[in-house]
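Colleague: One structure, pasted below without further comment.
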Amino acid sequence: MTKICSVEKKIRSEGKDLILCDETRSELLPILRRVQDRKGYISDKDMQEIADRLGIHPVEVYSVVTFYSFLNYEKQGSTVIRVSNCISNLLAGSKKVLREFEKELKIKSGQTTKDKKITLKETSCIGMCDKAPAIMVNDKLVGNVTPKKVQQVIKGIRNGK
Amino acid sequence: MENKRKGPVVFSEIKSIDALKEALRIGRVGVLDVVRDSNLKGRGGAGFPAGVKWNLAASANDDKKYIVCNADEGEPGTFKDRVLLTEYTRLIFEGMIIAAYAIGAKKGFIYLRGEYRSIFPHLVNTMAEMRKENLLGDGILKNKDFSFDIEVRLGFGAYVCGEETALIESLEGNRGEPRNRPPFPVYTGYNGHPTVVNNVETLANIPHIILKGVKWFKSIGTEKSSGSKIISVSGDCKKPGVYEVPFGTTVKSILKIAAASDTKAVQVGGASGVCLPKSQFDRKIGFEDISTGGSIIIFNSKRDMLDAADNFLHFFQEESCGQCTPCREGIPVLIEGLELLKRGECDKKYLDDLLSLAETMQLASKCGLGQSAPNMFVSVVDNFKSEYKLSKNTRKENLFHG
Ligand SMILES: Cc1cc2nc3c(=O)[nH]c(=O)nc-3n(C[C@H](O)[C@H](O)[C@H](O)COP(=O)(O)O)c2cc1C
Ligand code: SF4
Ligand code: FES
C-alpha cells in the first residue's frame, strides 16, 4: 500500500485529484542516479531507504529500478562497457567487436570480470551511428572502435584512464 | 557562435538572443501567432503543429505550466539532436525560453537520454552562463513578470521514454510506460499540469522563425512542409553525418550528399520508419510523402534486408514496455515468422496471417512503438520480394485458426 506523503496530503486537502505526491516523487530518478553514481548499483537496502524517504512502497522503487536498463540492482564492475548492437553498428561489424571484447576480457556479454573491474553489456543505438562501431565506456561515447582497438580500450581502462 | 555547418534554417546565421528580444517586443500573443502562421511542425517524428500545441497550452488556465525539451533521441540511426545539443546549445535554450514566455511556463525540463550524459556538464555550464546574463532565472531581461528556469533530467536507457507521455511518467519518477492519449500533455502533463513537449530540433527552429519571419520560413521547403529537416545519415556511405536539407529533398539527392554508391535500400525514419527500394529513391522528405524524425540508414547491395528487419524487431522486443498485448505478444511472433521466411519455410497463407497481425499491431497498440514495430517487416515483405522464397507446403498450424 502506498503511504501518503505530506505533499500529497496537502494536495488532497486542497481537493486536487493527484495520485502522487507532487515534487517529491518526481525526485525519485535523480535520487537513484546519485545512489548509483556513488556505489555503482542500487541495493535492496537503498531501495527501502529511498522508499521511506519519499513515502512510497519499496516495491514501487524496485519496479522503477528494474524498468530502466541503465539502473542496476546488482553489483557492477567499476567500469561498464556497452557495445551498441544497433543497425549501423551491425553494418560496421559490431558483432566482431563484441566477440573481441569477450575474448580479451574472458567473459560473456552481461558478465563482469573476475577482478570486478569491467562489466560487458550490449545496448541499443547510442547516437553514434556516424562513428560506428561505437561503444560506451561508463558515460563516455567512443566511436570507430574496430576489433583492433579493443585491446587499447581495455588497456586504457586498466591503467585508470 | 562560430557557425561551421551550413543549412537553410537551423544552421543559418543568427545572432544569439536577438530572437528572444524580438519575442519580448511582440509579446506573447505575437509569438503565438508567428509560430502558428509559420506552420512549423514537430521535428520529433509525429509532425504535430507546434503552434497548435503552444496555443492550447497558452490558453489553459493553470498557474503551473511546463515546457519540456525532448532530448531522448533513441531512434536507431538518429544523432542530430546530439549535434544540436553540443553545437547549438544556446539556440535550443533560447527556443525554450521563448516557448516558456509564450505559454506562461515558469519551469522547463530537458529530458536528456542517459547515453548522452557526457553532454550534461556542457548544458549545465551553458545554463549557468545564461543565468549570469539574466536570460534565465528571475525577471528575464529586466521583465519583472517573466521568470523561467530549466532543469536537465537524465534518462536511463529506455527508448520508449521518448514517447511524450512515457517521458512525463519518467519525469514524475515512474516507470516510463506510455499513457493513453487523449488526454494530451498540453492539458494534463507533468504532475497534471499543462505541458508542451517539443523535440530539440523543433525548439532550435523557433529563434530563426521569430527573428526572420513567417514569410521567410515558408519560402523554404514545400507547401505542406515548411522549412527544413535535419537528417542523420549513417550506414553504407562515405560521408555519414548530420545535414540540414529543405523539405522536398529526394532520397536520391541525400545519397549524393552522403557519397553513397551501390545502394540497394534506404531506411528512412529509423527502426520505426520505412525501407525504400531503389525504385522509390525519387520520393521526397516531407510530411506529405515520407515523414521522418531524421534517421537515414543506407544499405548497399551486399546487405541482407531480412537481417536488418531482424535487428529492428529485436530492438523493439528489447524496448517494448510490455504494457499492451499487440506489441508485447506480436513482436515475438513476427521475429519467429521472419526466421521462417529466412529458412524458406514460410508459405503464402502464413505470410498473409503475419501481415494481418502486423496490421493489428499498427492499429491496436497503445503507443507509437507498437504501432510502428511491424513497419520494417511489412516493408521488406512488400519491397524486397527477391530476398526470400515462400514455401510451397502449407504449414499445419497457423496463427488465427488454431
Ligand atoms: C516510441 C517513441 C519514441 C519517441 N522518441 C522520441 C524522441 O526520442 N525524441 C522526440 O523528440 N520525440 C520522440 N517521440 C515523439 C514524441 O512522442 C513527441 O511526439 C515529440 O517529442 C513531440 O515533439 P515535436 O512535436 O516537437 O516533434 C517518440 C515517440 C514514440 C512513440
Ligand atoms: S505499444 Fe508497446 S511500448 Fe507502447 S504501450 Fe504498448 S507495450 Fe508499451
Ligand atoms: S544506430 Fe547505432 S549508434 Fe545509432
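The values are calculated or read from the model by the stated rules, or taken from the named source; none is laboratory data. The shown structure was predicted, so the numbers you read here are calculated from the model rather than taken from an experiment. Don't worry about glycine lacking a Cβ; one is built from the backbone with ideal geometry, like all the others, and counts go over all protein chains shown.
Colleague: Only one of (1) touching a strand residue (DSSP E or B) at 6+ places or on another chain (Cβ under 6 Å); (2) away from chain A (no Cβ under 14 Å) fails for B:Ser147. Which number is that?
Modeller: (1)
Colleague: Among the listed residues B:Arg117, B:Arg82, B:Arg5, which satisfies the condition of being more than 16 Å from ligand 2 (Cβ to nearest atom), buried (at least 21 other Cβ atoms within 10 Å of the Cβ) and within 14 Å of chain A (Cβ to nearest Cβ)? Quick ask: steps written out before the conclusion?
Modeller: Working: B:Arg117 fails: buried (at least 21 other Cβ atoms within 10 Å of the Cβ); B:Arg5 fails: buried (at least 21 other Cβ atoms within 10 Å of the Cβ).
Just a single option satisfies the conditions, and that option is B:Arg82.
Colleague: When you go through (1) buried (at least 23 other Cβ atoms within 10 Å of the Cβ); (2) within 16 Å of ligand 2 (Cβ to nearest atom) one by one for B:Glu177, which number turns out not to apply?
Modeller: Against the list (1) buried (at least 23 other Cβ atoms within 10 Å of the Cβ); (2) within 16 Å of ligand 2 (Cβ to nearest atom), B:Glu177 comes up short only on (1).
Colleague: All but one of (1) within 16 Å of ligand 2 (Cβ to nearest atom); (2) away from every other protein chain (no Cβ under 14 Å); (3) of a type in the set (Gly, Ala, Ser) hold for B:Ser272, so report the exception by its number.
Modeller: Single failed check for B:Ser272: (2).
Colleague: One residue is enough: does segment B:375-382 have a residue meeting the conditions more than 19 Å from B:Pro76 (Cβ to Cβ) and in a helix (DSSP H, G or I)? Talk me through it step by step, then tell me what you get.
Modeller: Of the residues in segment B:375-382, the ones more than 19 Å from B:Pro76 (Cβ to Cβ) are B:381-382.
Those still in the list that are in a helix (DSSP H, G or I) too: B:381-382.
Yes, segment B:375-382 contains at least one residue that is more than 19 Å from B:Pro76 (Cβ to Cβ) and in a helix (DSSP H, G or I).
Colleague: Out of the residues in segment B:307-363 that are within 16 Å of ligand 1 (Cβ to nearest atom) and outside any helix (DSSP H, G or I), which is farthest from the other protein chains (Cβ to nearest Cβ)?
Modeller: Looking only at segment B:307-363, we keep the residues that are within 16 Å of ligand 1 (Cβ to nearest atom), and these are B:312-324, B:326-328, B:330-331, B:361-363.
Filter once more, keeping what is outside any helix (DSSP H, G or I): B:320-324.
On the way: B:Ser320: 12, B:Cys321: 8, B:Gly322: 10, B:Gln323: 11, B:Cys324: 16 Å.
Restricting to residues being within 16 Å of ligand 1 (Cβ to nearest atom) and outside any helix (DSSP H, G or I), the top hit is B:Cys324.
Colleague: Within segment A:23-68, count every residue that is out of contact with any Lys or Arg (no Cβ under 6 Å at 6 or more places or on another chain), modelled with pLDDT under 95 and outside any helix (DSSP H, G or I).
Modeller: 5
Colleague: So for segment B:167-177 (the condition being more than 14 Å from every other protein chain (Cβ to nearest Cβ) and under 18 Å from the mean Cα position of the chain (by Cα)), does at least one residue qualify? Even if it seems obvious, please write down each step before you answer.
Modeller: Filtering segment B:167-177 for residues more than 14 Å from every other protein chain (Cβ to nearest Cβ) gives none.
Checked segment B:167-177: no residue is more than 14 Å from every other protein chain (Cβ to nearest Cβ) and under 18 Å from the mean Cα position of the chain (by Cα).
Colleague: Still on this structure, I have one more. Does B:Val274 fit the bill of being under 18 Å from A:Cys125 (Cα atoms), touching a residue at least 24 places away in the same chain (Cβ under 8 Å) and more than 16 Å from ligand 3 (Cβ to nearest atom)? Even if it seems obvious, please write down each step before you answer.
Modeller: Details: under 18 Å from A:Cys125 (Cα atoms): yes; touching a residue at least 24 places away in the same chain (Cβ under 8 Å): yes; more than 16 Å from ligand 3 (Cβ to nearest atom): yes.
Considered against the rule, which asks whether it is under 18 Å from A:Cys125 (Cα atoms), touching a residue at least 24 places away in the same chain (Cβ under 8 Å) and more than 16 Å from ligand 3 (Cβ to nearest atom), B:Val274 comes out as yes.
Colleague: Can you go through A:Gly156, A:Gly160 and tell me which one is away from ligand 3 (no atom under 15 Å from the Cβ), in a helix (DSSP H, G or I), out of contact with any Leu (no Cβ under 8 Å at 6 or more places or on another chain) and not aliphatic (A, V, I, L, M)? Before you say what the answer is, go through the steps one by one.
Modeller: Values: A:Gly160 fails: in a helix (DSSP H, G or I).
Selected residue: A:Gly156, the only one of A:Gly156, A:Gly160 that is away from ligand 3 (no atom under 15 Å from the Cβ), in a helix (DSSP H, G or I), out of contact with any Leu (no Cβ under 8 Å at 6 or more places or on another chain) and not aliphatic (A, V, I, L, M).
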